[in-house]
1. Report the FRET efficiency, 1/(1 + (r/R0)^6), for SER242 and ASP153, where r is their Cβ-Cβ distance and R0 is 22 Å, rounded to 0.05.
2. What Rg and what Dmax come out for region 4-209 when only alpha-carbon atoms are used, in angstroms?
3. Once fully extended, how much extra length lies between GLU89 and ALA103, figured as 0.36 nm per residue of separation less the alpha-carbon to alpha-carbon distance?
4. Would you mind checking region 88-130 for residues with the amide N under 18 Å from a putative spin-label position 7 Å along Cα→C-beta of LYS142?
Amino acid sequence: MCQLTIIVPLLNDPQVFEDTLVSVLENRPAGCEVLVVHHGDYEDPYGLSDEVTFVPVAPSADVIAMVNAAAQVATGGVLHLLQPGMLAEDGWTDAAMERFHDAEIAAVAPLVLDARDPSRILAAGLRYSSAGRVIVHGAGTKLSRAARTLRGDITGPTRFAAFYRRSVFLALEGFCPQAGLWFADIDLGLCMRRLGFACELECQSIVTGFDEDVAAPLNFLTGRQSERLFRQHGRHSDGALSLPAHVAGVLSAVLLRPHRATTYSHLAGRLSALFTTSGHRELGRRLQRAGQSFGSSAPSKQTDEEDEQPAWRRSHSSRRMVA
């Protein structure tokens, strides 16, 4: 088994994808495997089959399904997701891979710098506030002024560039399709932390990219997904549940855009999430299955009154390797 599997999904722009893949092949560490996930229509014009393993998926598969499919066939103990538009730098995986010698680490976020202005941070992982806000940590900060920011805790890496311990990723069944494209990464980070694992930023692991908008658009679907995420994880986030702060944040978004139909559609999506609990039950079962996959018992469900680590994690105070 190799140590590292690098996953690059082929999305809409072949040129952007090829730029990312070339940067990976030029800088990849020895002994890793590279998986390219595509919709069955990539013809490999450069004859890379000796260097790359191609993973075809259904034409309808989105990024979540593409990454999950690649994770199933990967042989590396660590999965590295690099989305088209990100560019690998020389030695970019070294420091991140060192972090995984610590059995408590389930995910590592590389430092993403602006390809046009490498002194500017695009992302240093994600944070989830107690008010239910997804924050791209460090975004827009000048690197020279970011020392304090880069010491801050994160909830998990962004899907644009992320390292995951494969055993934990698979135990949690990968990215959750119900979380949606814009929230699958933060949902996975929150689940890993609820199992007792850590997600950390590695500033010596650097990739560059272009200043894309990584914030979720305002529409009915993202409103529903965002509110469901808060209801499922709010009590287990880095701070205590703050319903007043959550409500204030939602209302402020409406007040700042009072004439946009998309804002009210987003609000309607949030309201619709208040009338469903199926996602809560499925998340509980997902966490239970993940705990059981490590050979220990996990609680059958987690309610709003239960704000604790699973029993299987509490009973094992010593570190142990799970990869």
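1. Details: r = 17 Å, r/R0 = 0.78.
Computed FRET efficiency for SER242 and ASP153: 0.80.
2. 16.0, 49
3. Working: separation 14, 0.36 × 14 = 5.04 nm, distance 2.62 nm.
Full-extension gain reported as 2.4 nm.
4. 113-123
Every read-out reported here was derived from the displayed coordinates using simple, explicitly stated rules and does not represent laboratory data. Keep in mind the model is a prediction, meaning the values are calculated, not measured. No Cβ is skipped: glycine too gets one built from the backbone with ideal geometry, and neighbour counts run over all protein chains shown.
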